[in-house]
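The values are calculated or read from the model by the stated rules, or taken from the named source; none is laboratory data. Quick caveat: nothing in here was measured; it's all calculated off a predicted structure. When we count neighbours, we look across all protein chains shown, and the Cβ atoms used for this are built from the backbone with ideal geometry, even at glycine.
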Amino acid sequence: MQTVVANLKGGTGKSTVAFNLALWLLEGRRRALTVDLDPQRTLSDVLEVRHEEGYEPALDGVSDLDAVRSRTGDYDEVLIDVGASDMASLMTAVEGADRVLIPVPPSQADVWSTYRFVQRIQEQRGSRDRPEILAFINRADTHQAVRETDETHEALQQIEGVRLLKPRLKQRMAFRRSFSEGLSVRELEPRGKAAAELGALAVALFGRNRRKKQ
C-alpha cells in the first residue's frame, strides 16, 4: 500500500511522521520503503544519519517514483514524503497513492490549508474512490487548558471526504531530538509519551497485525 504524507503548508512535521511510521512498521517485521520527493530532502538527511550511525534495522529509501514502481512488490508499505513546493510531484504522488495522510497542526490557518488540499485531491481523483484521505492532529498542545487543539479537531470534522483519526501526536521534544539523531521516538524513549502516541497513530493506520518472522 502506498501512503502519501503531505500538506500544502510547510512545517507540519510530515517528514518526522513518515520516518517514525516507517520504523514502527519495521519493528513489526513489515517491509517498509520511504520515498523522499520533497526538495528539502529532510527525510533523506535523517536516513543518512541513521546509516552513518549504523542503527538497525536499516530503513530503505529512494527519491523518485520510478524507483518505487520497480520495487513495489518488495515492500508491504510505501511511505511517500512530498512537499507543496513541488506541486507537480505532489499531485503525481497523490494520483498513484492508496491514501493520503495529512498532518494538521492546531491552527485555523492549517485548517484552511487542509480544506484547500482536500479539494484539490477530490478534483483530481474525480469519481474514483482512491486515494482515501485521512487527517490527524500533529504537534497538539500538551496543556489541556489550551482550546486550539480541540477547536482544530472540531473544524476538521466539518471537512467532507476526510477520515479524521482520533490519535494525536503532541508537541514533544522527543520527536525533534530523536529525529535529529536518526532514531524513532520508540527507539529513543520506548516507554515515553511520544512513543505511546506514535504507536496509537500507527495502529489506527496499519492495524495491530504484525508480519510473522520468517
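Would you say Ile80 is of a type outside the set (S, T, N, Q), closer than 22 Å to Leu169 by Cα and touching a Phe, Trp or Tyr at 6+ places or on another chain (Cβ under 7 Å)? In short, no.
Based on what the data block shows, is Val185 within 16 Å of the chain's Cα centre (by Cα), in contact (Cβ under 8 Å) with a residue 40 or more places away in the chain and closer than 17 Å to Lys9 by Cβ? No, not satisfied. Within the stretch 11-38, can you find the residues that are without any contact (Cβ under 8 Å) to a residue 60 or more places away in the chain and not β-branched (Val, Ile, Thr)? Answer for the stretch 11-38, where residues must be without any contact (Cβ under 8 Å) to a residue 60 or more places away in the chain and not β-branched (Val, Ile, Thr): Ala22, Leu26, Ala32, Leu33, Asp36, Leu37, Asp38.
Restricting attention to the stretch 2-16, the residues being surrounded by 24 or more Cβ atoms within 10 Å (Cβ to Cβ), farther than 17 Å from Asp64 by Cα and in contact with a helix residue (DSSP H, G or I) (Cβ under 8 Å, 6 or more places away or on another chain) number 2. With the condition kept exactly as written, say whether any residue in the stretch 48-56 is modelled with pLDDT of 95 or more and surrounded by 16 or more Cβ atoms within 10 Å (Cβ to Cβ). Within the stretch 48-56, one or more residues are modelled with pLDDT of 95 or more and surrounded by 16 or more Cβ atoms within 10 Å (Cβ to Cβ).
Evaluating Ser44 against the criteria (1) farther than 19 Å from Ala97 by Cα; (2) out of contact with any Ser or Thr (no Cβ under 9 Å at 6 or more places or on another chain) leaves one unmet condition, (2).
For the stretch 152-165, a residue qualifies if it is surrounded by 20 or more Cβ atoms within 10 Å (Cβ to Cβ) and part of a loop (DSSP other than H, G, I, E, B), and exactly one does: Val162. Considering the stretch 24-49 alone, what residues qualify as being part of a loop (DSSP other than H, G, I, E, B) and more than 25 Å from Ala200 (Cβ to Cβ)? If the condition is that a residue be part of a loop (DSSP other than H, G, I, E, B) and more than 25 Å from Ala200 (Cβ to Cβ), then Leu37, Asp38, Pro39, Gln40, Arg41 are the ones that fit.
Going by the conditions given, is Glu197 within 26 Å of Leu25 (Cα to Cα) and either in a helix (DSSP H, G or I) or of a type in the set (D, E, K, R) (or both)? Here the answer is yes, as Glu197 does meet what is asked.
Only residues that are more than 26 Å from Leu134 (Cα to Cα) and in a loop (DSSP other than H, G, I, E, B) were counted across the stretch 166-189, and they come to 3. Scanning the stretch 95-144 for residues that are crowded, with 16+ Cβ neighbours inside 10 Å and β-branched (Val, Ile, Thr) gives Val100, Ile102, Val104, Val111, Thr114, Val118, Ile121, Ile133, Ile137. Of all the numbered requirements in (1) free of Cβ contacts under 8 Å to residues at least 24 places away in the same chain; (2) surrounded by fewer than 16 Cβ atoms within 10 Å (Cβ to Cβ); (3) not small (Gly, Ala, Ser), Arg41 misses one, and that requirement is (2).
The single condition among (1) in contact with a Ser or Thr (Cβ under 6 Å, 6 or more places away or on another chain); (2) surrounded by fewer than 17 Cβ atoms within 10 Å (Cβ to Cβ) that Val82 does not meet is (2). Considering only residues in the stretch 200-213 that are in a loop (DSSP other than H, G, I, E, B) and within 18 Å of Leu59 (Cα to Cα), the one that is modelled with the highest pLDDT turns out to be Arg210.
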